[in-house]
Amino acid sequence: MEAQPGTATALDAEPVPYAALDAEPVPHAALDAEPVPHAEPLTDDQLNKQISDVFTDLIKHAHDLGQKIATENGLTGSDAMALFKLETPMTMKELGLKMGCDPSFVTAIADALEKHGLARREPSVKDRRSKNIVLTPEGVSVRERVCDELMAQAPWCATLDTSERRCLLGLMRKMLRSRCGR
């Protein structure tokens, strides 16, 4: 779901240099400018609020983009996420962990992928009690198409250069490590 014209989001706020995630990329020179211009310095609370607002909008935009790409390829968002995570065959339990969902939900996803001819289940070599989900040749093809479309349209790919993406990845990993106590 795209923001309606005239609807303000955190990305539209004056202090943020990006007009919107789906706007034309900001010229590189603008990205080198101070990221949050203000006549008065921001307090930590103000800065944290703006980060939270922009992060929320970015997550929503990424979710909406994923849903749009999934729908265009005849999939649900969950089916597309499973394809994205299935780089190699894995057990349904492993896929559930990667997707952050309950194993019973992975069963429904595996059923849908099998119904569309995108995956099949086969016994795990490591544990014959477990089933691996394996992409079919058609599943590999659809996965590549979905991934290519996502990478072509994702705001971090379309807006940030390589060094900025490396920096963003490092910062995100640092936040996750601190959350996880690592």
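Laboratory data are not the source of any read-out in this text; all were calculated from the coordinates shown. Keep in mind that what you see is a predicted model, and the values were worked out from it rather than measured. Here Cβ is always computed from backbone atoms with ideal geometry, including for glycine, and neighbour counts include all displayed protein chains.
Overview of results
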read-out	value
Pair E87, D45: separation of 7 Å Cα→Cβ label points (nm)	4.3 nm
Reachable lysines, given that their alpha-carbon falls under 24 Å from the alpha-carbon of K115 and they are not under 8 places away in the same chain	K68, K85, K93, K98, K131
Burial order of peptide ranges 127-139, 110-122, 165-177 (average beta-carbon count within 10 Å, highest first)	110-122, 127-139, 165-177
